[in-house]
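What follows is a single structure, written as structure tokens, with notes after it.
Only the coordinates and a few stated rules stand behind these numbers; no lab work does. These numbers were taken from a predicted model, which means no experiment stands behind them. Don't worry about glycine lacking a Cβ; one is built from the backbone with ideal geometry, like all the others, and counts go over all protein chains shown.
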Amino acid sequence: MSRVPESGSAEAPKRIPQLDGLRGLAILLVVLLHYFANTARGQQPLVFKYFARAFGMGWAGVDLFFVLSGFLIGGILLDARPSKRYFSTFYLRRIHRIFPLYYLWLVLFGLFLFLGFTVGGSPLAFSRLDLSHFPRYLVFVQNFFYQKGPLEIHWLSQTWSLAVEEQFYLVAPLLIRFLSVRRLTQVLLCTILLAPVLRFFVFGYMDHGFVYAVMSMPCRADDLAMGILAAVAIRSAWFPAFLARHPRFLSKVFLCAALGMCGWIWWLMHPMSLPSVTLGLSWLGFFWLSLMLVVLCEPAGWIARIFRWGFLQRAGVLSYCIYIAHSSLNEILHRALRHDTHRMDDWKGFLVTASAALLVWLVASVSWKYFENPLLQRGRRYSY
């Protein structure tokens, strides 16, 4: 029977293992995309071509991150609405979680630039374009710019989605604090309906419209709004009662969403077109939303059990550092061991890529234990 989990307090949010597992799936999809699909290719053996095709939709993990973020951040803010320290506590906690590792990575990026320009010691290609773009990363507006330098692509290009998150943090607290639940629900529904319309106009009528339709926060706000809407529903009186009367409702919705994804899969796996950028991305967000609700509200089901698998949970815990570091560490390892850019032309390239994955896991484990988790606990000292 469906069961909606009790919402945790804003003071000490209860960790739900299945959600860590979903986060783990999201980061694994992104890593598989960058390691096995987005790679320089020569005459590849057939097996590597299959790898590239199989993981070519790994970018969809970003949409899962957005839905999860909307749900988790929205839930925290909904629980904290009455607090006099609503804004200060929220931002101080987010700063402790996001800023230290991110700005440390920017410092390392700057060090690579310095070495490259002064002593030629950078193992990655660099240009003055990388230096000119550096300031935009300091204020999280990198998702509004198209042209990127070579070192920037390997070191920082994945952080466009973090910029979307940070921009979301500027809007969501205001909406949740000052709008009634009914008005907030109306705004969220309008956002879900209007985001694909906005993507239609941006994609069709702007230079580099594909980039902005995929990477700008207003265009991707439907995923975030879906997550917040799920947080509102779970905290309502009617949603748990409805699921109690219709225990298989969410499973049926997820099945419909999965069948719909079969219809969209060709569009989403090929170069982005108007249908995929508009309704395709919306359906993808709905698919992840339905999966999250099944995992969350039917914890005894077989799907939820998959996402309680220890490896997926651990990947979810380590996901932030993996997300920040995986692309550049892979490129550095290929440059150091093969004296070439990341390629999957042969088994040597495959082994170096696999070694990079193990290295990233080790670095993320050390970062979580000695750097991220202590800072996260320090941030939680700030009370609502």
Which of the three applies to the stretch 292-384, rounded, prolate or oblate, going by the alpha-carbon gyration tensor with a ≥ b ≥ c and a/c under 1.5 meaning rounded?
oblate
How many nm separate the modelled label positions at residue 270 and residue 84, each set 7 Å beyond the Cα in the direction of the Cβ?
6.1 nm
Taking a ≥ b ≥ c as the square roots of the Cα gyration tensor eigenvalues, with a/c under 1.5 meaning rounded and otherwise prolate when a/b beats b/c or oblate if not, the stretch 182-276 comes out oblate
Arrange the following residues from fewest to most other Cβ atoms within 10 Å of their Cβ: 219, 190, 262.
262, 190, 219
How large is log10 of I(q)/I(0) for the stretch 282-345 at q = 0.18, 0.22, 0.26, 0.28 Å⁻¹ when the intensity is taken from the Debye formula with one equal scatterer per alpha-carbon?
-0.81, -0.92, -1.04, -1.08
Answer rounded, prolate or oblate for the stretch 211-344, using the Cα gyration tensor with square roots of eigenvalues a ≥ b ≥ c: rounded when a/c is under 1.5, else prolate when a/b is larger than b/c, else oblate.
prolate
Would you be so kind as to identify all helices of the chain, as entire DSSP H runs, whose Cα atoms reach 15 Å or more along the helix's own axis and whose mean Kyte-Doolittle hydropathy is at least -1.0?
17-32, 60-79, 86-118, 128-138, 160-178, 181-205, 221-234, 249-269, 281-297, 319-338, 347-367
Please give every one of the aspartates and glutamates within straight-line cross-link reach of residue 369, meaning a C-alpha to C-alpha distance under 17 Å, and leave out same-chain neighbours fewer than 8 residues apart.
20
From the P(r) of the stretch 224-299, can you give the percent of Cα pairs sitting at distances over 13 Å?
69 percent
Dipole in debye (nearest 20) - the chain, about Cα centre, beta carbon charges: Lys, Arg +1; Asp, Glu -1:
1020 debye
